[in-house]
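Peer 1: Dumping the structure here so I can ask a few things about it.
The values are calculated or read from the model by the stated rules, or taken from the named source; none is laboratory data. For clarity, every value in this text was computed on a predicted model and none was experimentally measured. Because the Cβ atoms are built from the backbone with ideal geometry, glycine has one as well, and the counts that use them run over all protein chains shown. These area figures cover heavy atoms from the full protein model, side chains too; ligands, DNA and RNA do not enter into them. Shrake-Rupley method; radii C 1.70, N 1.55, O 1.52, S 1.80 Å.
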Amino acid sequence: MTTATASGAYPFVAEGGLGAEGVFIGRDVHAEAAFCFDPFSLYNSGRVEGFTNPNAVLAGIIGMGKSALAKSIATRSIAHGYRIYIPCDPKGEWTAVSQALGGYSIALGPGLPGRLNPLDAPARPASVSEEDWFTEVRKRRLLLLASLARTVLKRDLLPMEHTALDLALDLVVADAAARGTVPLLGEIAHAELSLPSHVNPSHVDQVLAVANALSGMDNKLGGGGVVRDVAARAMQWSAGLLQAQFPEHLRTDLFAAVSRLGIVVGASAFDAYHHDEATKTFRFAADCAEEAGDWHLRAKTYSFLARQAVWIGAPDDGLTYAEKGLVRSDRLTATEQAMLHTARARAFGKMGNVRDTMAAVGAADEAFTRARPAEDPSWMAYYDEAQHNGDTAHALFDLAILAGQDPGRAARRFDTAVKGHTDAYKRSRAISRTKLASLLMAKGDPRKAAALGHDALNEVGRLTSRRAADDLRQLGRFASKHRTVQEVSALRDRIAATVSA
């Protein structure tokens, strides 16, 4: 540049900088204007091209003021509503700053009194329900405990060790809640169940008796409320028996009994929409069934895993579980084969696959014609004609809704299920009746559907089943297409009041 050119550019122009938004840092050396900097404001505004995140690095030689700049940014940001957290202070220079601003420092290290409790939970966000927050905190604590255990042991945990951590955590959390304190990591290692030192046949009988009682409560009342609480404690105690001493001749019966209880507890968690817990419990039950060499319990476990996967929108996983359950089907009873083919049909139905759904329903029907109740385990007694028709009707329901197939096939089976279920299976009866009402509401007579819907509400209103409640919501969505029908409007109002209660 020549002096002639330079004289035309005088006085020299400097850019205006980043603007005045954000924390005041100092003066721009070129523009002599105030220099303000807030990485979060810049990131949110999108004014700086290529600014992909609000992270920052301070770099420079010793004595250039990096620490002073960091303290300036931190202290002045407080006035803008930011909360400052310093994860490490090796030189001890931030403690005085923190104390001057009314904050505090936590000293952690060997021989120091400070402790970090990884099990301490943050405050619940206002947008999250207490039940969902409890489930989320429990899941995070279990992941943390498992990670710590793997790090110390330098290997993956065995299924039984995962169960031991589950039991210990639940006991410690319950005790802490009773004391009004928070659970501590050290308490996990010393958690103890009131378990016998030696397992005998009466303990196995107790596990089976509890499983049968819980199964009956779950079918009548649903998986929530008191059923869930009782089921969780029973599972803790029963799984703890596997850590006690027991004679070798009891091994098969003990693992089979715990597997049976695990299936019932997993089913109640599934019905209450605690899906992570349900999946984990079902898999634990499958491991116990394998340990016991019990193919019948194994099949039942995979049947439930398949049904749960289909319910939560993963029909491909559901199909995989059902197929795993059918491995060595020659060792299963005809009723159990029908149960697993029905699970396959429900997975195909949810995919809208007409051909494979009909083939699976046919296989289930054929197997059920060969059923001999005397050959089935006692806990398979629930799978009677009503249950078979209700389960296969679910698959045909999806074909009618998703693929435009004949709704009459599903309707006839739901009707058989509703008429066949006794009071011992109120939830199954209520769900089948609700599904039949939804089918009629979507494809048939809305007034008849409304009458059925009211009957279903009479039962669902006394259940704690979230599955049954969700089916009611689906019925309400179908009913919204008939707003001008008075009977349907009354049903919609009642559904809204029931599912929001």
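Peer 1: I need the full set of residues from region 370-381 which are touching a residue at least 24 places away in the same chain (Cβ under 8 Å), farther than 17 Å from A256 by Cβ and part of a helix (DSSP H, G or I), in order please. Before you say what the answer is, go through the steps one by one.
Peer 2: Initial filter on region 370-381 (touching a residue at least 24 places away in the same chain (Cβ under 8 Å)): 370-373, 375-377, 379-380.
The next check asks that each one be farther than 17 Å from A256 by Cβ; those that pass are 370-373, 375.
Listed by number, the residues that qualify are P373, E375.
Peer 1: Considering only residues that are β-branched (V, I, T) and modelled with pLDDT under 80, which ones fall in region 162-180?
Peer 2: Filtering region 162-180 down to residues β-branched (V, I, T) leaves 163, 172-173.
T163 - this is the single residue of region 162-180 that is β-branched (V, I, T) and modelled with pLDDT under 80.
For every residue, the table says whether it meets (1) small (G, A, S); (2) at positive phi; (3) assigned to a loop (DSSP other than H, G, I, E, B).
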site: G50; (1), (2), (3): yes, yes, yes
site: A59; (1), (2), (3): yes, no, yes
site: G63; (1), (2), (3): yes, yes, yes
site: L69; (1), (2), (3): no, no, no
site: S72; (1), (2), (3): yes, no, no
site: R76; (1), (2), (3): no, no, no
site: R83; (1), (2), (3): no, no, yes
site: C88; (1), (2), (3): no, no, yes
site: A107; (1), (2), (3): yes, no, yes
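Peer 1: Here's a follow-up. Sort out which residues of region 364-379 are touching a helix residue (DSSP H, G or I) at 6+ places or on another chain (Cβ under 6 Å) and farther than 8 Å from T335 by Cα, and write them in order of number.
Peer 2: Within region 364-379, the first condition is being touching a helix residue (DSSP H, G or I) at 6+ places or on another chain (Cβ under 6 Å), and the residues that meet it are 364, 367-368, 370-371, 376-377.
Across region 364-379, the qualifying residues are A364, P377.
Peer 1: Out of region 320-356, which residues are among the hydrophobic types (A, V, I, L, M, F, W, C), open to solvent by 50 Å² or more (accessible area, probe 1.4 Å) and not in a loop (DSSP other than H, G, I, E, B)? Please lay out each step first, then the result.
Peer 2: To start, the set of residues in region 320-356 that are among the hydrophobic types (A, V, I, L, M, F, W, C) comprises 322, 326-327, 332, 334, 338-340, 343, 345, 347-348, 351, 354.
Subset that is open to solvent by 50 Å² or more (accessible area, probe 1.4 Å): 327, 351.
Across region 320-356, the qualifying residue is only M351.
For every residue, the table says whether it meets (1) touching a His at 6+ places or on another chain (Cβ under 6 Å); (2) basic (K, R); (3) at pLDDT below 85.
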site	(1), (2), (3)
E131	no, no, yes
R141	no, yes, no
L144	no, no, no
L153	no, no, yes
L157	no, no, yes
M160	no, no, yes
L184	no, no, no
A191	no, no, yes
P196	no, no, yes
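Peer 1: May I pose another question? Counting just the residues of region 83-101 that are free of Cβ contacts under 8 Å to residues at least 12 places away in the same chain and among the aliphatic types (A, V, I, L, M), which one comes out surrounded by the most Cβ atoms within 10 Å (Cβ to Cβ)?
Peer 2: Result: A96.
Peer 1: Any residue in region 418-434 that is touching a residue at least 60 places away in the same chain (Cβ under 8 Å) sitting within a Cβ distance under 9 Å of a residue that is outside any helix (DSSP H, G or I) and open to solvent by 20 Å² or more (accessible area, probe 1.4 Å)? List the pairs, counting only those 6 or more apart or interchain.
Peer 2: A424/Y382; Y425/Y382; K426/R462; K426/L463; R427/L463; S428/Y382
Peer 1: While we're on this one: Determine which single condition S202 fails, assuming it passes every other condition in (1) surrounded by fewer than 20 Cβ atoms within 10 Å (Cβ to Cβ); (2) within 26 Å of the chain's Cα centre (by Cα).
Peer 2: The single condition S202 does not satisfy is (2).
Peer 1: Output the residues belonging to region 295-321 that are within 16 Å of A285 (Cβ to Cβ), in contact with a Phe, Trp or Tyr (Cβ under 8 Å, 6 or more places away or on another chain) and of a type in the set (A, V, I, L, M, F, W, C).
Peer 2: Hits for region 295-321 are F304, L305, A306, A309.
Peer 1: Still on this structure, I have one more. If I ask for residues that are farther than 19 Å from T281 by Cα and among the acidic types (D, E), which ones from region 198-254 would you list?
Peer 2: D205, E248
Peer 1: Report whether or not A364 is aliphatic (A, V, I, L, M) and either over 22 Å from A395 (Cα atoms) or touching a Leu at 6+ places or on another chain (Cβ under 9 Å) (or both).
Peer 2: In short, yes.
Yes/no matrix, rows are residues, columns are (1) within 13 Å of H203 (Cα to Cα); (2) of a type in the set (G, A, S):
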residue: V226; (1), (2): no, no
residue: A239; (1), (2): yes, yes
residue: E248; (1), (2): no, no
residue: I263; (1), (2): no, no
residue: T281; (1), (2): no, no
residue: A285; (1), (2): no, yes
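Peer 1: Exactly one condition in (1) out of contact with any Leu (no Cβ under 8 Å at 6 or more places or on another chain); (2) in a helix (DSSP H, G or I); (3) surrounded by fewer than 23 Cβ atoms within 10 Å (Cβ to Cβ); (4) hydrophobic (A, V, I, L, M, F, W, C) is false for L399; which is it?
Peer 2: Result: L399 fails condition (3) only.
Peer 1: Of the conditions (1) of a type in the set (G, A, S); (2) under 20 Å from F282 (Cα atoms); (3) assigned to a helix (DSSP H, G or I), A386 clears all except one; give me its number.
Peer 2: Result: A386 passes all but (2).
Peer 1: Take F270 and tell me if it is among the aromatic types (F, W, Y), in contact with a helix residue (DSSP H, G or I) (Cβ under 9 Å, 6 or more places away or on another chain), open to solvent by less than 30 Å² (accessible area, probe 1.4 Å) and closer than 24 Å to D423 by Cβ.
Peer 2: Numbers: among the aromatic types (F, W, Y): yes; in contact with a helix residue (DSSP H, G or I) (Cβ under 9 Å, 6 or more places away or on another chain): yes; open to solvent by less than 30 Å² (accessible area, probe 1.4 Å): yes; closer than 24 Å to D423 by Cβ: yes.
So F270 fits the description; yes.
Peer 1: Restricting to region 281-319, count the residues that are in contact (Cβ under 8 Å) with a residue 24 or more places away in the chain, part of a helix (DSSP H, G or I) and open to solvent by 60 Å² or more (accessible area, probe 1.4 Å).
Peer 2: Of the residues in that region, 6 qualify.
Peer 1: Separate question: Touching a residue at least 60 places away in the same chain (Cβ under 8 Å), surrounded by 12 or more Cβ atoms within 10 Å (Cβ to Cβ) and closer than 22 Å to G240 by Cβ, is that true of L119? Talk me through it step by step, then tell me what you get.
Peer 2: Values: touching a residue at least 60 places away in the same chain (Cβ under 8 Å): yes; surrounded by 12 or more Cβ atoms within 10 Å (Cβ to Cβ): yes; closer than 22 Å to G240 by Cβ: yes.
So L119 fits the description; yes.
Peer 1: Applying the selection to region 218-232, what residues are open to solvent by 60 Å² or more (accessible area, probe 1.4 Å) and either in a loop (DSSP other than H, G, I, E, B) or without any contact (Cβ under 8 Å) to a residue 60 or more places away in the chain (or both)? First the steps, then the outcome.
Peer 2: Within region 218-232, the first condition is being open to solvent by 60 Å² or more (accessible area, probe 1.4 Å), and the residues that meet it are 220-221, 226, 229-230.
Of everything in region 218-232, those that are open to solvent by 60 Å² or more (accessible area, probe 1.4 Å) and either in a loop (DSSP other than H, G, I, E, B) or without any contact (Cβ under 8 Å) to a residue 60 or more places away in the chain (or both) turn out to be V226, D229, V230.
Peer 1: Can you spot a residue in region 259-266 that is over 30 Å from S129 (Cα atoms) and either over 24 Å from the mean Cα position of the chain (by Cα) or at pLDDT 95 or above (or both)? Steps first, answer last, please.
Peer 2: Step one: filter region 259-266 for residues over 30 Å from S129 (Cα atoms), giving 259-260.
With the extra rule that they be either over 24 Å from the mean Cα position of the chain (by Cα) or at pLDDT 95 or above (or both), the set shrinks to 259-260.
Checking region 259-266: at least one residue is over 30 Å from S129 (Cα atoms) and either over 24 Å from the mean Cα position of the chain (by Cα) or at pLDDT 95 or above (or both).
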